[in-house]
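The values are calculated or read from the model by the stated rules, or taken from the named source; none is laboratory data. Given the structure is predicted, the values throughout are model-derived calculations rather than measurements. Cβ coordinates were reconstructed from backbone atoms using ideal geometry, including for glycine residues, and neighbour counts include every protein chain displayed.
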Amino acid sequence: MDNKVLTLKFKSGASEQDIVSFEATHRLKKLRQAITGFIDYEIAPLHDITSVHDRLQKSALVEILQYNYMGHLLSTPNDPLFPDQWHLNKIMADAAWDITTGSSNIVVAVLDTGIEWEHPDLDGVIYLNPGEDAWQTPFNPSTGNGVDNDGNGFVDDWRGWNFLDNNNNTGEYLTAKNSAAYLASQMATYPQDMELKAAWAGQYYLKNKIIDWFLTNAMEGGSLEDAIQVLHSENNREALRLAYGLFLHRNLYARADTALSAIPVVNKYDEDFYAVQQINLARLQSEEGYALSENERETLKVVAYSQSPERGHARALLSFLEGYTFDLEQFELPAQALASPPVLPAASVEAPQPLIFPNPTEDKLFVSLPGSWDGTGYIYLYDLLGRLQLAIPLAADAVHNVEIDISALPPGIYALCIEMQHQLRHQSKVVKR
């Protein structure tokens, strides 16, 4: 019990003057008042709490008088992010947890667009079908035994069933990916439907946020194989480069070499990336100090003194291995030059893609469209919530090199989408520092 504080509520007929006189007579110091009318008072020093309580209780002004008892939560959340989850306080979850924190015997069915199995709040509490054999990899639905062990008509439904795609993958990633693909196909049929575009953008960025989680988790020591599976499912240039980078991060150089060879080379900038990373990979696998061959040195110098997006990597290798120094004012191309990079021929029969650089960037972004892309269109930039941030029109007779000022945007990850003739032609991530 608090021996310095009493809580009371005055009767409805007590005037303000009555209350002021009451406080002065009994030497009470107001600490706080609730909207319900209850007031916490600190009693005078050296006064006995029981004697003061008994004296105040005799007053005709007092309706309710209470001692203050010290208490504690019976169930204190250990989640470091609990203070940031405002909704839990709104529903008074902490008070409910003082009564019970639930029971593992109660199964809650969730009908939603997917579950983030790896979320720490769900660790150990997601229901697992006891009638099915466990997957070999806990978060990889393709590693089941391929048998309907419980005979319910759903094969390997250890973590539930995806009734939209009729498979056993109830994770958020695949659901978001398939939803985005479906909405993209609908956009081709209804190109002017802005609500459809917004829905697609939301699913596209939900998918990308999930991919970011897998990458971060893998880089912090989590499952590498789950991240690689997601990236291979994406199966585009950016995802394959990220897979290569993860193998480098884990010092798995043989797998990195295989991953590097799988990245498509369709233009000169891709050739630069492949050439520079081959040298970098050889350096990392060298047990002693790595010495550049004459051909490797010349390759790095050509890239380092060019406008290639890989010039930073090439300069870093030359600086680290041979002590080269670079004057940024001398070797960084001016914005005017960067705004008009050459349209490079494709190195294979794969459809040409736009060049977007530098990425990451701080204020300017340059987009070089393939010469075969004709007609009117737009370049859109969306944030991770699918909100449109910029829309840059493309005129039919415009030069295919576009400079975009993104200096006003806050740092973060954005989606760049290019629409030509009401068709989505390209989508990729842009990182604003």
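Given D84, D48, which one is loosely packed, with under 14 Cβ neighbours inside 10 Å and either at pLDDT below 75 or touching a Gly at 6+ places or on another chain (Cβ under 6 Å) (or both)?
Working: D48 fails: either at pLDDT below 75 or touching a Gly at 6+ places or on another chain (Cβ under 6 Å) (or both).
Among D84, D48, only D84 is loosely packed, with under 14 Cβ neighbours inside 10 Å and either at pLDDT below 75 or touching a Gly at 6+ places or on another chain (Cβ under 6 Å) (or both).
Under the condition of being in a strand (DSSP E or B) and over 20 Å from A188 (Cα atoms), which residue from the stretch 371-391 is nearest to the chain's Cα centre (by Cα)? Write out each step before concluding.
Within the stretch 371-391, the subset in a strand (DSSP E or B) is 377-382, 388-391.
Applying the additional criterion that residues be over 20 Å from A188 (Cα atoms) yields 389-390.
Working: Q389: 18, L390: 21 Å.
Among those that are in a strand (DSSP E or B) and over 20 Å from A188 (Cα atoms), it is Q389.
May I ask you to list the residues in the stretch 407-433 that are assigned to a loop (DSSP other than H, G, I, E, B) and more than 12 Å from T376 (Cα to Cα)? Break it down into steps so the answer makes sense when it comes.
Step one: of the stretch 407-433, the residues assigned to a loop (DSSP other than H, G, I, E, B) are 407-411, 421-422, 433.
Within the stretch 407-433, S407, A408, L409, P410, P411, R433 qualify.
For T7, work out the one condition from (1) under 45 Å from the mean Cα position of the chain (by Cα); (2) surrounded by 11 or more Cβ atoms within 10 Å (Cβ to Cβ); (3) hydroxyl-bearing (S, T, Y) it doesn't fulfil.
Here T7 meets the rest and fails (1).
Out of (1) under 18 Å from the mean Cα position of the chain (by Cα); (2) buried (at least 16 other Cβ atoms within 10 Å of the Cβ), the odd one out for L394 is which?
(1)
Of the residues in the stretch 209-233, how many are over 16 Å from the mean Cα position of the chain (by Cα) and crowded, with 18+ Cβ neighbours inside 10 Å?
4
When you check W200 against the structure, is it at pLDDT 70 or above and surrounded by 11 or more Cβ atoms within 10 Å (Cβ to Cβ), yes or no? Let's see the steps before the verdict.
Details: at pLDDT 70 or above: no; surrounded by 11 or more Cβ atoms within 10 Å (Cβ to Cβ): yes.
No; evaluated as a whole, the condition is false for this residue.
Residues of the stretch 240-258 being over 16 Å from N280 (Cα atoms) and without any contact (Cβ under 8 Å) to a residue 12 or more places away in the chain, which ones?
The answer is none; no residue qualifies.
Each row is one residue, and each column tells you yes or no for (1) over 24 Å from H426 (Cβ atoms); (2) of a type in the set (G, A, S); (3) assigned to a helix (DSSP H, G or I).
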residue: A256; (1), (2), (3): yes, yes, yes
residue: V266; (1), (2), (3): no, no, no
residue: Q277; (1), (2), (3): no, no, yes
residue: L281; (1), (2), (3): yes, no, yes
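Sort through A239, A254, A275 and tell me the only one that's exposed (fewer than 14 other Cβ atoms within 10 Å of the Cβ) and not polar (S, T, N, Q). If you could, list the steps in order and put the result at the bottom.
Working: A239 fails: exposed (fewer than 14 other Cβ atoms within 10 Å of the Cβ); A275 fails: exposed (fewer than 14 other Cβ atoms within 10 Å of the Cβ).
Only one candidate passes the filter, namely A254.
Only residues that are within 13 Å of V5 (Cα to Cα) and loosely packed, with under 12 Cβ neighbours inside 10 Å: list them for the stretch 26-43, please.
K30, R32 - these are the residues of the stretch 26-43 that are within 13 Å of V5 (Cα to Cα) and loosely packed, with under 12 Cβ neighbours inside 10 Å.
Residues that are acidic (D, E) and farther than 30 Å from D123 by Cβ: which strands (runs of 3 or more DSSP E) entirely in the stretch 1-90 hold 1 or more of them? Explain how you work it out, then say what you get.
Values: elements: 2-10, 29-33, 39-42, 62-68.
Qualifying strands (runs of 3 or more DSSP E): 2-10, 39-42, 62-68.
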